[in-house]
Amino acid sequence: MLKYDKIIVDASNVYHRVASIVGKIDKEKAKSLSKNNTILQCYVSVIDKLLASTYGEVDVLFDPLLSNGQKSKRGELKKTYKSDRDKNKVEANVKFETLGKLYQQLVIAGQSRLNIYHDVEMEADDFVEKLTEEGKCLMITSDRDWFRYLEDGRVEALHKGLTVADENIYTAANYEKQYGYKPN
């Protein structure tokens, strides 16, 4: 079993990793399912594997899942917030729809040790500080905002791929080497 008490997943950020895996799936298998459902099934499989790999908790953090052009509180405060992301509207809609279905499926499944965090006023980033306060944590994200919570021997990040392997782990020491100071 993994050496982490808690695995914290940035649902929106990790979506792109899962989608890239689906892009590599056997073409015949992909033809039998819509791309959206294939991504959803792959994402659920990733969450299941994370649950199976630890005795601890898996926390999946969602950004606001708003429809009909609604904006999150941050989006209302700053009109350009995340405006440079998801420029392809079709792909953005697939992502939004898939994450909505993932949220529903995980909530309905109600698995023990699986915690879902979602609020229409808060981003996934807003939950991380509190969740990393105790225990040995693995954050699965490439969002550099989360790297401020890295802590030697206690909080690490899986910043690439979906396999928990030494070459994919980013630590406080890596951060200090890259930027010249400890994360804070």
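Using C-alpha pairs below 8 Å separated by at least 6 residues, the relative contact order for region 99-184 is 19 percent. Each Lys or Arg adds one and each Asp or Glu subtracts one; over the other residues with Cβ under 11 Å from the Cβ of GLY153, this totals 0. When the alpha carbon coordinates of region 99-160 are projected onto the principal axes, the ranges are 36, 25, 23 Å, largest first.
Sorted on the mean count of surrounding Cβ atoms within 10 Å across their residues, most packed first, peptides 10-16, 160-166 read 10-16, 160-166. Applying a threshold of 30 Å to the alpha-carbon distances of LYS6/LYS182; LYS49/LYS182; LYS95/LYS177; LYS160/LYS182; LYS101/LYS182 flags LYS49/LYS182; LYS95/LYS177; LYS101/LYS182 as lying beyond it. Of the peptides 107-113, 126-132, the order by per-residue mean of other Cβ atoms within 10 Å, starting with the highest, comes out as 126-132, 107-113. If every alpha-carbon in region 125-184 counts as one equal scatterer, what log10 I(q)/I(0) does Debye give at q = 0.26 1/Å? Relative scattering, expressed as log10 I(q)/I(0), comes to -1.16.
Values quoted throughout were computed directly from the atomic coordinates according to the rules given, and no laboratory measurement underlies them. Since the structure is predicted, the reported quantities are computational estimates derived from the model, not experimental observations. Every residue, glycine as well, gets a Cβ built from its backbone with ideal geometry; the counts of neighbours run over all protein chains shown.
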